[in-house]
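What follows is a set of notes on a single structure, which appears directly below.
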Amino acid sequence: MPTLTIDGQEVTVDAGTTVIQAAEQIGINIPRYCYHPGLSLAGRCRMCLVEIETFPNLQIACYTRAQDEMVVSTTSERVLSARQSMLEFLLSNHPLDCPVCDQSGECDLQNFYMDHGQYQSRFLENKVKKKKAFPIGPHVILDQERCILCTRCVRFTEEVSKSNELGVFNRGSRSVIDLYPTKSLDNPYSGNVIDICPVGALTEREFRFKCRVWYLASQESICTGCSRGCNISLDYNGSRRAYKAGGRRVMRIKPRYNPDINKWWICDEGRFGYGFIDTDRIETPMQRTTSDLEPSDWDPALARVAETVKAAYSEKGANGVGVIVSPQLSNEELLACRELFVEKMKLTNVAALNPWEEPGEADDFLRNADRNPNTKGVEDLGYSGDAKAVLEKAAEGEIEVLIIFRHNLADGEAGKLLEKAKFVVYVGTNWNATAERAHVVLPGATHAEKDGTFTNFEGRVQRFKQALLPIGDSRNDSQIISEMAAKLGYSLPASADEIFEAWKGISLDELSGSGSSVDPDTAVQA
Amino acid sequence: MAIKVEEKQLTLLERLYVLEVVRGIALTTGHFFRNMAVHIARLFGLAKDKKGSTTFQYPEERRPLAPRLRTLHRLTRREDGAPRCVACMMCETVCPAHCISIVAGEHPNPLIEKYPTRFDIDLGLCVFCGYCVEACPEDAIRMDTGVLEFTSFSREGMVYDLNKLLARSETPKPNEESKVKTA
């Protein structure tokens, strides 16, 4: 356990820790481009030079191991002038096209230049021209002129995605990052190179020019693409009003560091799978009057559901109403459903999983075949049985009212069964064939529009936070359930926080940032 | 230090009111006849050294504008006629009235890369502070058209789009009309 001094502060670190990591532990951030904690060490950018006593020359902090009695300075005059000189080198061939560059606002060249810039250019020569703005894959655009050759992206494709598409070609000032011949950056994790690129060389095709980054506000969330539960930041139009972006609110998704689940990474499907939050949404409650679905207010729609449920209940008892909840719902909504439908109404036909659902692609890194964020939560909360049995009963007429959450059960075999159902209530966020076939449609909120938790496949309970208001007239699902319960004569809490506190004994805010412990026997650790 | 203002006491004649009204009317009427006489005399080439009080015969006559006056915006063009604007959104960001909305698009030429597919200024919101001109890194927006009249019967009519803003892209010449016509 070496103890070293950095800028006068003593710190004891594990053997093998580098100086840059030791400095981070005491809150000193040394400027860096090529160093990334998730990748191997390259020592290419020379930006993290620090002065270490007993070393005649400046050393790169990312590669130098911390040793006992080391005395490091990150702010001495030599270090500052070295940083200035390094930035001058890195920018000598940089095109300085910040106005059109998507990275500006979150660019490390800009950030470090503010602190260590030369400001007066001494560069009289012509800049080396390289290839600008060309796609290298389905999601990524490369600008070789902006690149500072830190090789983070190259190391990512070598070490993390293991797909080896990118390399450094040519020598000296003509060095460029490029694809190997015949290759295209189309691996399922290609979007991560955009995040790790410290400059604007790699930009996101989907996000390009849609919004300047300083307009974005960010909220912590959980990816709903599969049962892995990767931690994400939802970047949405904050100070800029959404109408200026054509009504689009969520602009992009970035991975959020969680050492236990996704580290710094996220798959492309998750990264670009946010479209449903703003497109094709059900915005108002709908009721089928004669043959068409017509917009309605919440009160009459809920009253109609309650009436039909009551009628079915009095006619056939607990067998008369079927409910299919969804692993897309949060734990709190599942708890509310359980309390209302199972514990209070004692319904016998309550199912959760859709047996017809096609599994997605899976690999040994992040992607799971189960495309639902909360399947484990469904199991943990005691839901069993699949939708098929319930649908069959509905088709036979045994179930009078069928309440479906989120699922699309209108294709193939399920569709044939659903057609025969007498009265279908659909609670969901987006239009699908099931919603179009329902008799009452109640618009719910997506994970971006509500608070709650998902349980990932390992049993880790993770929180997602509300970033946006529910679109249009839609409502938080636990509120819908609570209001439905009120109409049926029961009383349920409407807020996710209350439900979570009753469930785990702590408030949502007390839940740890990286999620609860995986061990199911221990209580949720705050 | 506060200044003490002595309140002027009105005299009895002034307080009688009627006399003061008559004096006021006499002054106005005096000016009227004096100006009429001078203008008529100048019309016949007389009394060149005397100057009647002048009024700009707006809208036929216009006041001279200071060259730095901030007037209606215009977008400048490149040599090939395309807008200079690269949709960097600096003006939209700096605008205190949030009157600028830009939608950026991908330009087929990677050397230009980014261009505005829409550029709207809502003049009904604009406060004519000129920050957009200051912030522009490309000299793409200017407020030197000298146009002060932009009215509309609707709010939508006050929104100037890319085409309207580019229509005045030429550097305005000192307008003949805007020169003062002294009578």
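Computed quantities for the displayed model
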{"quantity": "Matching entry among A:Glu159, A:Glu106 (being within 32 Å of the chain's Cα centre (by Cα), in a helix (DSSP H, G or I) and either within 14 Å of chain B (Cβ to nearest Cβ) or surrounded by fewer than 19 Cβ atoms within 10 Å (Cβ to Cβ) (or both))", "calculated": "A:Glu159"}
{"quantity": "Filtered residue count, region A:53-103, keeping only those that are of a type in the set (Asp, Glu), touching a strand residue (DSSP E or B) at 6+ places or on another chain (Cβ under 8 Å) and within 14 Å of chain B (Cβ to nearest Cβ)", "calculated": "1"}
{"quantity": "Residue list for region A:390-406, restricted to those being surrounded by fewer than 22 Cβ atoms within 10 Å (Cβ to Cβ) and in a strand (DSSP E or B)", "calculated": "none"}
{"quantity": "For B:Pro110: the one exception among (1) part of a strand (DSSP E or B); (2) at the interface with chain A (Cβ under 8 Å from one of its Cβ atoms)", "calculated": "(1)"}
{"quantity": "Which numbered condition B:Asn163 misses (of (1) surrounded by fewer than 20 Cβ atoms within 10 Å (Cβ to Cβ); (2) under 26 Å from A:Asp97 (Cβ atoms))", "calculated": "(2)"}
{"quantity": "For A:Ala22: the one exception among (1) without any contact (Cβ under 8 Å) to a residue 24 or more places away in the chain; (2) not in a loop (DSSP other than H, G, I, E, B)", "calculated": "(1)"}
{"quantity": "Residue count, region B:84-135 (criterion: within 17 Å of A:Gly246 (Cβ to Cβ), in contact (Cβ under 8 Å) with a residue 40 or more places away in the chain and among the hydrophobic types (A, V, I, L, M, F, W, C))", "calculated": "1"}
{"quantity": "Residue, farthest from the other protein chains (Cβ to nearest Cβ), within region B:71-85, restricted to residues that are in a loop (DSSP other than H, G, I, E, B) and crowded, with 23+ Cβ neighbours inside 10 Å", "calculated": "B:His73"}
{"quantity": "Hey, B:Cys126 of a type outside the set (Ser, Thr, Tyr), at pLDDT 90 or above and touching a Pro at 6+ places or on another chain (Cβ under 9 Å) or not", "calculated": "no"}
{"quantity": "Filter result (within 8 Å of chain A (Cβ to nearest Cβ) and in contact with a Phe, Trp or Tyr (Cβ under 7 Å, 6 or more places away or on another chain)) within region B:113-137", "calculated": "B:Lys114"}
{"quantity": "Matching residues, region A:328-357, being without any contact (Cβ under 8 Å) to a residue 60 or more places away in the chain and under 22 Å from the mean Cα position of the chain (by Cα)", "calculated": "A:Leu334"}
{"quantity": "Strands (runs of 3 or more DSSP E) wholly inside region A:201-260 containing at least 1 residues that are under 21 Å from A:Gly38 (Cβ atoms), within 12 Å of chain B (Cβ to nearest Cβ) and among the polar types (S, T, N, Q)", "calculated": "A:202-204"}
{"quantity": "B:Ala140 being crowded, with 21+ Cβ neighbours inside 10 Å and either more than 13 Å from every other protein chain (Cβ to nearest Cβ) or free of Cβ contacts under 8 Å to residues at least 24 places away in the same chain (or both)", "calculated": "no"}
{"quantity": "Check on A:Ser121, in a loop (DSSP other than H, G, I, E, B) and without any contact (Cβ under 8 Å) to a residue 12 or more places away in the chain", "calculated": "yes"}
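The values are calculated or read from the model by the stated rules, or taken from the named source; none is laboratory data. Here the structure is a predicted model, which is why all the values come from computation and not from measurement. Counting neighbours? That spans all protein chains shown, and the Cβs are built from the backbone with ideal geometry, glycine included.
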